[in-house]
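**Q** Mind having a look at this structure? Questions to follow.
A short reminder: the numbers here are calculations on the coordinates, not readings from a lab. Model, not experiment: these values are computed from the prediction. Every residue, glycine among them, receives a Cβ derived from its backbone with ideal geometry; neighbour counts consider all protein chains shown.
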Amino acid sequence: MEAKWYVLRDLKRPNALKRAWEMLQDRKITVFTPKKWVLVTVKGQRRPKEVAFIPDLLFVYETRTVLDPIIENMLTLQYRFRKYGARNEPMVVPDADMERFIHAVSHSQSPKFYLPSEITPQMCGRRIRIVGGPLNGYEGNLLSIRGSKVKHLLVELKDFLVAGVEVSPEYIQFIE
């Protein structure tokens, strides 16, 4: 059985000491969860802390033979299922799509995450291709944000997330 990017849900409370993605990382399992920075108050002092953008969403790259026993023992961790008629299949993201998304997000200082339902036609600007730099070869739409001087490329993980990653204007090539 080969490893795949499975979509899981973490049902732990937001104030849990250790989230599921941290526990999986401790077991040396490849995990990706989109994160954002927020200010939290700890003992009266406000400090930045990195938290999951969608607390119950995580992507795990592993085989079912390794994941199934972990999910059975960790009651707050579940597969997300896609219904196919009478049978349910765990959701899987194609390797190439996931690696492309992770690469784009990891090369951006502050990626902005959106749910697919939040992206409106007004937000999708011109179609572009990135030529050069860390995102060489990426294609997508520019994110149109009123008053923003920074250019963002929309990178989509179909049905789950859209990330706006910062791109330098010199790498942008407009597609007609």
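**Q** Starting from the eigenvalues of the Cα gyration tensor, five times each then square-rooted, give me the equivalent ellipsoid semi-axes of the range 4-93, largest first, whole Å.
**A** Semi-axes, largest first: 28, 14, 12 Å.
**Q** What ranking do F53, F174 get, fewest neighbouring Cβ atoms within 10 angstrom at the top? Before the final figure, lay out each step's value.
**A** Numbers: F53 16, F174 10.
With the sparsest Cβ surroundings first, the list reads F174, F53.
**Q** Please state the Cα pair-distance histogram of the chain with 5 angstrom bins from zero: what percent is in each bin?
**A** Using 5 Å bins, I get a P(r) of 1, 7, 15, 18, 17, 15, 12, 9, 5, 2, 0 for the chain.
**Q** How tilted is helix 95-106 with respect to the longest principal axis of the chain? Cα atoms for both, answer in degrees (0 to 90, nearest 10).
**A** Compared with the principal axis, the helix lies near 70 degrees.
**Q** A further question on this structure: How big, in percent, is the set of alpha carbon pairs in the range 102-174 lying more than 19 Å apart?
**A** Summing the P(r) tail past 19 Å for the range 102-174 gives 25 percent.
**Q** If you wrap a convex hull around the alpha carbons of the range 71-114, what volume per residue comes out, as a whole number of Å³?
**A** On the way: hull volume 6.2 nm³, N = 44.
Measuring per residue, one finds 142 Å³ for the Cα hull of the range 71-114.
**Q** Right, here's the next one. Placing +1 on the Cβ of each Lys and Arg and -1 on the Cβ of each Asp and Glu in the range 4-93, which of V40, V93, Q25 has its Cα farthest towards the positive end of the resulting dipole?
**A** It is V40, whose Cα lies furthest towards the positive end.
**Q** Report the charge-dipole magnitude of the chain in Debye, nearest 20, computed about the Cα centre from +1 at each Lys and Arg Cβ and -1 at each Asp and Glu Cβ.
**A** Using only the charged Cβ atoms, the result is roughly 760 debye.
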